[in-house]
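Q: Take this structure first; my questions come after.
Coordinate-derived values only; no laboratory data. Since this is a predicted model, take the numbers as computed values, not measurements. For neighbour counting, all protein chains shown are included, and Cβ atoms are generated from backbone atoms with ideal geometry for every residue, glycine included.
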Amino acid sequence: MTDTAPPQPQPQPAAVTARRSNGASTATLAHLSRATATRARNLIALYPEPRSALIPLCHLAQEQEGWLTPGVMVDIAALLDITPAEVFGTATFYDMLHTEPVGTHVVSVCTNVACLLNGALELLEHAESTLGVNAGGTTADGVITLEEAECLADCDATPCVQVNHRYVGAQTPESFDALMADLRSGARSADIPSHGTLNRVERTTGLQADRGQIATERAAMADAQSERAAAAKQAGS
Amino acid sequence: MAITDAPKIITGRLDHPDSHTLDRYLATGGYEGLRKALTMTPEAVAHEVDTASLLGRGGAGFPAGRKWSMLRKNPVTYLVVNGDESEPATFKDHLLIERDPHQLIEGVMIAAYALQVSQVFIYLRGEFALGLERTQAALNDAYSHGAVGNDIFGSGFSVDVVVHPGAGAYICGEETALLESLEGKRGFPRIKPPFFPAAIGLYGEPTVVNNVETMSNLPWIVLNGGAAFAALGEGRSTGTRLFALAGHVNNPGVFEIEMVKTTFHDLVYAPVLGGGIPHGRELKAFIPGGVSAPWFGPDQIDIPLGQDEVADAGSMLGSGSVVVMDDHTCAVRASWRITKFFARESCGQCTPCREGSGWLEKIMERIETGHGREEDLDLLLDACDNISPGLAWPPQQTTICVLGPSIPSSIGSAIQMFRDEFLVHIKEGGCPFD
C-alpha cells in the first residue's frame, strides 16, 4: 500500500445520492402507497443490512397488490438500494411470492405423504373438477387460485388445506365445496383476509438496545473473561 | 417398555385454550426461567445447557451446548432461531409457535443472555400466518413486560428480537440457506467448510442457529437445572422430545415423550398416543424421522425412540416425525410422492440433486402409472448412487447440502422392502392398489 491523498468527494447525480441513503431513501415511489412505504421503512430499520427486509417487503407489497407487480418490485429495489432484477431474482425462488397475478384466495391443497395416505389426491381431483381449473390455475372470475402444496405442517388434520396461508382444517369433498362457497360469498372474510395479507399484527416498537453501549459492554465482558481465564491459568500452573 | 410419567417440559401449558397469551404465561410460571438466568453468569447458564446435554431438535441432533461452546471463546454476533419447519409430516414446531410463543421467546432470551448477543432473529416459515401473528403479538407483549428490549427486568442486559417471515422454500430449513434467505437472497445453502455459521454466519459474522423446540426447552432447564433434564431419557438422548405422528393412525398428533424409554410400538399403538391403525389393518412400514429417513418395517417397531437406537438400526430420528403406512398403502406411490417433493424443493445449485431428483421423479411416476420397465429398478438405484455414492447410511454426498443425499432414502427403502410390488406395477402395467 502506498500513501494516497484522502479521497475527494465525487459529485453524484441527485437520483444516485437519494438511492444511497440506506433505507431512509427519499426516492419517489410510484407504486407503493404512502402507508405501505412507511411500514416498509419501519421494517428496514430493524435489520443491520437493508436487504434483509426484502422478503418482508415483498409480503407487504403483496398485501397491497395481491401479487408482486413489476412496479412494486421497482419500488422495493429503490427502498433497499438494490436493482429490480435482484428483487425479482429473490422473489422467484419462493413459492409464496407471486410474480404473476393470482386470485383473491389462494387455496393450497397438500398432497405430501401424510395427506396422500389420507385422501389428498382424491381431494385435489375433486377441487380441480369442481373449480374447473388445474392445480396452478385461477378461476375465470379471479376469485380462486388452486395450488398443489408441499407439506403445510398440520399433519394431524388431513388432507390439509390452507387458504391464503390460513389453516382451514381437514377437508372432505363436501366441506371443500362449502368452503369455496363461503369464500365467494365473503362469509370467511373476517378470519381469512385476501391473498397477500400475511401478518395482521404490527410490531409496536423499534429496536431498543443501545448498539454503541452494547459494543462497549461486550468488549469489557470479553476483557473480564480473558482476565479470569488468565488468572485461572496462573492459579493452575 | 411403557409410557413414562415424565414431566411435560414444553407442552404443559397447551391444555389451556389461551396458552399463547401473556396472562396465561405469567400465571403458569412464565419468564421465571429468564429472571433466574439473569441472576447467574452467562457461563453458568451455558453450563446448565451443557449439563442437560440437550440435543438440537431440528433434525441433525447436534448438542446445543456444544454448538454454543464453539462460540463462547469468541463473541457471537447473532442468534437466529430456525422456525422454518417444512420437513414433510413434521408439525411440532408449528404447535409450539402457535400455542406457546412466549415459551419460545423466553428460551430465546435465555440463549441470548448465555451467548451475550444483542440481536436475535426468529425466522418463521411463511406459511405460518397465524404463527407469525401470535409470535409478533407475544413479542410486543414481552417488550411491554420488560422481558425483551432495553435493560431486561432491570438487569442491565439488552436484546432486540425480530420476527422474520420466510416465503415458502423447504431448503430454508437448512441453516446456511436460512441465513442467505435472511439476507434477502435466494435460499442457496452455503458450502461447509468454510461457511459454518459459528464461524461465518449472518453477514459473515459468527452466528448461532437453533431450532424452535431446542429454544423452548431452555426455560425449564434453567429453572430445574440441567441435571434434572439429563436424568430423563438415556445415554445421549436426554430429556423429553416432541414426536409428530401422522399417516394411518387413529389418533395422529404431537406427543411429548421421554426419550429412549418409549418405543415406536408404544407411539403407534398405545391408546393414549397413536391409538393403533384404523379399520383393523396391519402395519406395512413406517418412516421414523421425516421423509429424509430410511423406512422401517414391522420388525423394527420395538426400537426405542432414541437418537442412537434409531441410528444403529440404519435410519434416523431426524425431525421427530413418524409416518405410519398400513397394508393398503402403495409403497411405490408413497415413495414417488416423496421423490416429487425433493424434485420440487431442490434449490438447483448442484447438478446431481437438480437433475437427479427430476429423473428419479419421472421414473417413479412411470412405474406408478404403469409405464415402467424392469430395468428401471437398477436405473433408479444408479441415479441415486450418483447423488449419494455407495447408498450408505448415513449418506455420502456429492452436493453442497444434505437435501440431495436425502432423496435415495425413500426410493432405496421402497425397492429393498417392496421389490415385488414394483415388479407387479411393471408387469401388470398399473398400480395394483387402484
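Q: Below 8 Å between Cα atoms, with a sequence gap of 6+, how large is the relative contact order for chain A in percent?
A: 17
Q: Right, next: Of the options B:A27, B:M40, B:H16, report the single residue whose Cα projects farthest towards the positive end of the charge dipole of the range B:1-68 (beta-carbon charges: Lys, Arg +1; Asp, Glu -1).
A: Sorting the options by dipole projection puts first B:M40.
Q: What whole number of Å gives the distance from the Cα centroid of the range B:251-303 to the Cα centroid of the range B:324-356?
A: Between the Cα centres of the range B:324-356 and the range B:251-303 lies a distance of 22 Å.
Q: Which semi-axes, in whole Å and largest first, does the equivalent ellipsoid of the range A:80-193 have when worked out from the alpha carbon gyration tensor as the square roots of 5 times its eigenvalues?
A: Square roots of five times the eigenvalues give 26, 17, 13 Å.
Q: For the range B:281-381, how big is the tail of P(r) above 18 Å, as a whole percent of Cα pairs?
A: Value for the range B:281-381 (Cα pairs over 18 Å): 55 percent.
Q: Could you pull out the pairs from B:K8/B:K92; B:K8/B:K284; B:K8/B:K340; B:K261/B:K284; B:K67/B:K340 whose alpha carbons sit more than 26 Å apart here? All intermediate terms of the calculation are to be shown ahead of the outcome.
A: Numbers: B:K8/B:K92 14 Å; B:K8/B:K284 31 Å; B:K8/B:K340 37 Å; B:K261/B:K284 24 Å; B:K67/B:K340 33 Å.
Violating the 26 Å limit, Cα to Cα: B:K8/B:K284; B:K8/B:K340; B:K67/B:K340.
Q: On to the next question. Apply the membrane-span-like helix rule to chain B: whole DSSP H runs, Cα extent along the own long axis of at least 20 Å, mean Kyte-Doolittle hydropathy at least -1.0. List the helices found.
A: Membrane-span-like by this rule: B:101-115, B:129-145, B:331-345, B:351-368, B:403-428.
Q: What does the net charge come to around B:S321 if you take all other residues with beta carbon closer than 9 Å to its beta carbon, with K and R at +1 and D and E at -1?
A: Counting the neighbours of B:S321, the net charge comes to 0.
Q: In the range B:1-91, what trypsin sites (Lys or Arg not before Pro) fall in a loop by DSSP, with at most 16 other Cβ atoms inside 10 Å?
A: Numbers: sites: B:K8, B:R13, B:R24, B:R35, B:K36, B:R57, B:R66, B:K67, B:R72, B:K73; in loops: B:K8, B:R13, B:R57, B:K73.
Passing both the DSSP loop test and the Cβ count: B:K8, B:K73.
Q: In the protein assembly as shown, how does Rg compare with the Kirkwood Rh, expressed as the Rg/Rh ratio over alpha carbon atoms?
A: Ratio of gyration radius to Kirkwood radius for the protein assembly as shown: 0.97.
Q: Follow-up. With bins 10 Å wide starting at 0, give me the P(r) of the range B:50-114 over every alpha carbon pair, in whole percents.
A: So the P(r) values, bin by bin, are 17, 48, 31, 4.
Q: Rounded to whole Å and ordered largest first, report the semi-axes of the equivalent ellipsoid of chain B derived from its Cα gyration tensor (root of 5λ).
A: 38, 25, 18
Q: Mind checking which of A:D177, A:D191, A:D154 has the largest fluctuation in a GNM of chain A, springs on alpha carbons under 10 Å?
A: Taking springs between Cα atoms under 10 Å, the residue moving most is A:D191.
Q: About its Cα centre, what dipole magnitude does the range B:262-320 give when the only charges are +1 on Lys and Arg Cβ and -1 on Asp and Glu Cβ, stated in debye to the nearest 20? Don't skip to the end; give the middle numbers.
A: Numbers: 2 positive and 7 negative charges, 63 e Å.
Rounded to the nearest 20 debye, it is 300 debye.
Q: Based on alpha-carbon centroids, what's the gap between the range A:110-188 and the range B:86-104 in Å, whole number please?
A: Distance between centres, Cα-based: 22 Å.
Q: Excluding B:G146 itself, what net charge comes from residues whose Cβ is under 15 Å from its Cβ, given Lys and Arg +1 and Asp and Glu -1?
A: Combined, the nearby Lys, Arg, Asp and Glu give -4.
Q: With a ≥ b ≥ c taken as the square roots of the eigenvalues of the C-alpha gyration tensor of the range B:209-351, please select rounded if a/c is under 1.5 and otherwise prolate if a/b is larger than b/c or oblate if it is not?
A: Here the range B:209-351 falls in the oblate category.
Q: Taking the Cα centre of the protein assembly as shown as origin, sum charge times position over the Cβ atoms of Lys and Arg (+1) and Asp and Glu (-1), and report the length of that vector in debye to the nearest 20. Spell out each step's value before the answer.
A: On the way: 48 positive and 80 negative charges, 402 e Å.
Charge dipole, the protein assembly as shown, about its Cα centre: 1940 debye, nearest 20.
Q: What residue among A:T216, A:T69, A:T90 has the largest mean-square fluctuation in a Gaussian network model of chain A, using Cα springs under 10 Å?
A: Per the Cα network of chain A with a 10 Å cutoff, A:T216 tops the list.
Q: Still on this structure, please answer the following. Just want the answer: with Cβ charges of +1 for Lys and Arg and -1 for Asp and Glu, which residue in B:V209, B:A227, B:T176 is farthest toward the dipole's positive end in the range B:170-230?
A: Highest projection toward the positive end goes to B:T176.
Q: Given charges of +1 on the Cβ of Lys and Arg and -1 on the Cβ of Asp and Glu, with all other atoms neutral, how large is the dipole of chain B about its Cα centre, in debye to the nearest 20?
A: Result for chain B is approximately 760 debye, rounded to the nearest 20.
Q: Taking +1 at the Cβ of each Lys and Arg and -1 at the Cβ of each Asp and Glu, which of A:Q162, A:S194, A:L152 sits farthest along the dipole of the range A:146-194 towards its positive end, judged by Cα position relative to the Cα centre?
A: In the range A:146-194, that residue is A:S194.
Q: Classify chain A from the C-alpha gyration tensor, please: rounded if a/c falls under 1.5, else prolate or oblate depending on whether a/b exceeds b/c. Let's see the in-between values first.
A: Working: a/c = 2.88, a/b = 1.61, b/c = 1.78.
Oblate, since a/c reaches 1.5 and b/c is not below a/b.
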